[in-house]
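Below is one structure, written out as structure tokens, with a few remarks after it.
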Amino acid sequence: MHYKSTRGGQENISASQAILHGIAKDGGLFVPDSFPQYSYADLHELAGCTYQERAARIMADFLPEFSKEELESYAAPAYAPEKFEGGFPAPLSMLQNGQVTMYLLELWHGPTCAFKDMALQMLPYLLTGSLRKDGCGKKAVILVATSGDTGKAALEGFKDVDGVSIQVFYPESGVSDMQKRQMTTQEGGNVSVCAIQGNFDDAQSGVKKIFTDPQVNRILEENGMLFSSANSINWGRLLPQIVYYFSAYCDLMRTGEMDYEGEKINIVVPTGNFGNILAAYYAKKMGLPVNRFICASNSNNVLTEFIRTGVYDRNRQFYTTISPSMDILISSNLERLLYDLTGNNSALVASWMNQLAATGRYQVDAATLQKLQELFWGGFCDDGETLQEIREMFQTENYLCDTHTAVAVHVYKEYVAQTQDTATPTVIASTASPYKFASHVYKAVTGEDAAGDDFAVASQLSAVTGTQIPAPIASLQEKPVRFANVCTAAGMREEVLRAAGIR
Ligand SMILES: *Cc1c(COP(=O)(O)O)cnc(C)c1O
């Protein structure tokens with residue numbers, strides 16, 4: 001198995017090279033040149049495995065340079081029971097709402113209380129493994145642009161990992177107080193955090209530019225370093241995410257909820273950069289029986305429009321919402337889906353991406369749109385509807401969910417109302433702990449504004465709902481702020497060189 005660029009400029013790249021470089025030289029994203037197939041018997045076998053075994057087995061199929069034993073030795077600590085409150089990394093909570101059955105796939109029991117941990121606890125092992133195999137002794141400089149949750153999860157995954165340093169940029173006023181606090185108090189000798197004046201797209205574009213800047217790359221090389229990314233465009237991020245969709249299905253087989261060959265589920269994902277939902281799509285490509293992917297957005301509904309019309313247009317108002325990890329107008333991983341839907345037509349994909357870069361807009365052809373709509377259903381909701389959904393879920397199901405998950409539930413209910421698809425069991429990705437967005441969740445549940453700082457609010461939320469504050473959030477209160485610096489988008493380059501210890 002090898003990797004190639006979605007834009008056609010690179011082929012026959014090894015898995016470790018794809019992981020080390022993150023993005024292809026032509027600006028495209030790395031995709032595997034084939035997908036392993038899982039039969040019903042394979043699913044049965046996986047159903048009998050632990051999460052760690054499921055992860056090692058699935059990842060081994062995509063990483064020929066890594067032995068199964070190697071991957072097992074990565075998965076064991078990455079998904080160790082003591083790292084995940086409750087002991088299992090990806091548990092399902094079943095909710096019955098009228099005729100429909102929802103399985104909330106809770107991906108936020110890890111060290112930073114958001115689903116990004118699922119990939120970012122694994123990525124450091126994949127990346128340092130790749131450095132050993134292919135890095136010529138170089139040190140990796142990890143650049144991350146974050147809308148909140150990635151930054152913290154990456155910092156936590158990479159802190160004090162040998163041969164790596166990490167630099168995180170977040171939009172100054174685009175993350176929640178708790179998210180900011182999680183990042184600015186980060187421990188570790190190889191970490192650096194900086195706010196930028198701008199939104200997430202500015203941060204992401206800035207990082208992409210530095211990444212492909214030949215001069216900066218030369219300076220790094222002279223210093224025995226190379227860039228790598230922990231953003232969701234990195235194959236090493238996407239791959240571990242495929243695992244939990246298989247895992248969810250296997251757990252449903254184990255409990256008897258999925259009991260015949262080919263029985264399909266829907267998968268609902270609150271979507272931003274399109275990474276999480278793309279991993280679900282790849283799982284289907286590998287044989288997981290999926291009926292529909294439901295792509296849920298907040299008011300930044302560029303993907304809803306795209307799925308409904310085939311027009312991708314980022315020239316629109318940018319909203320700062322209460323689900324900030326989805327405040328994104330350029331969903332980078334969509335490029336991989338387009339590559340697949342067009343039958344690997346890299347020229348076509350490159351032309352759309354060039355149009356997007358030049359004009360902010362492109363339109364796919366009718367055949368691609370049709371394929372897209374057969375697989376995906378898109379919907380969105382605004383902040384008011386999100387709050388109402390949190391309230392309703394708590395009142396009727398006694399289930400407390402965060403703002404992102406609430407968007408997914410709301411859009412799923414809309415999907416059911418419009419399609420009458422009440423029969424297909426549905427897995428909804430629950431992407432963050434409600435305590436990461438405690439003030440909004442408190443307001444939703446009680447109808448009142450919470451008083452005090454984030455920690456006071458978390459205590460009130462806990463008291464009102466009878467739920468527990470996750471330990472990683474409770475422990476933040478005592479930690480000192482280490483990183484208070486702010487820079488402009490134009491200043492990011494210098495910041496990177498400084499953090500890498502070059503300037
Ligand atoms: C990152 C994130 C998302 C969006 O996931 P993508 O892979 O970017 O689509 C949704 N919810 C939460 C809580 C997140 O952190």
Among L143, L497, rank each residue by its count of other Cβ atoms within 10 Å, from fewest to most, as a rough exposure measure.
L497, L143
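For N12 and Q373 in one chain, what is 0.36 nm times their gap in residues minus the Cα-Cα distance, to one decimal in nm? Write out the running numbers ahead of the final one.
On the way: separation 361, 0.36 × 361 = 129.96 nm, distance 3.14 nm.
Residue separation times 0.36 nm, minus the Cα-Cα distance, leaves 126.8 nm.
First check a/c for segment 169-272, with a ≥ b ≥ c the square roots of the eigenvalues of its C-alpha gyration tensor; if it is under 1.5, answer rounded, and if not, answer prolate when a/b is larger than b/c or oblate otherwise.
prolate
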Just check segment 217-295 against the gyration tensor rule for me: Cα atoms, a ≥ b ≥ c as the square roots of the eigenvalues, rounded for a/c under 1.5, and otherwise prolate or oblate depending on whether a/b exceeds b/c.
prolate
With each pseudo-label sitting 7 Å past Cα toward Cβ, what's the A41-E257 distance in nm, one decimal?
2.8
Rounded, prolate or oblate: which fits segment 383-503 when a ≥ b ≥ c are the square roots of the eigenvalues of the alpha-carbon gyration tensor, with rounded for a/c under 1.5 and prolate only if a/b beats b/c?
oblate
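Give the order of W108, W352, W235 when sorted by the count of other beta carbons within 10 angstrom, beginning with the fewest.
Details: W108 27, W352 21, W235 24.
Neighbour counts put them in this order, fewest first: W352, W235, W108.
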Within a 10 angstrom radius of the beta carbon, how do D449, D382, D117, D201 rank from fewest other beta carbons to most?
D449, D382, D201, D117
Between Q99 and I219, with labels modelled 7 Å along Cα→Cβ, what's the label distance in nm to one decimal, could you check?
6.2
32 Å tail of the calculated P(r), the chain, as % of Cα pairs
37
If each part is reduced to its alpha-carbon centroid, segment 123-166 and segment 477-503 end up apart, in Å, by 17
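Would you mind computing Rg(Cα) / (2.2 N^0.38 Å) for segment 1-75, counting N as its residues?
Working: Rg = 14.2 Å, N = 75, 2.2 N^0.38 = 11.3 Å.
Segment 1-75 yields a ratio of 1.25.
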What net charge is computed for the residues neighbouring G272, neighbours being all others with C-beta under 10 Å from the C-beta of G272, Lys and Arg scored +1, Asp and Glu -1?
-2
Whole-angstrom gap from segment 270-307 to segment 422-473, using each part's C-alpha centre
24
Whole-Hz ³J(HN,Hα) for each residue in segment 86-94, computed from phi via Karplus 6.51 cos²θ - 1.76 cosθ + 1.60 with θ = phi - 60°, x for glycine and proline: what do you get?
x, x, 10, x, 9, x, 9, 10, 8
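We did not get these values from a lab; they are worked out from the coordinates using the rules stated. Here the structure is a predicted model, which is why all the values come from computation and not from measurement. Backbone-built Cβ (ideal geometry, glycine too); neighbour counts: all protein chains shown.
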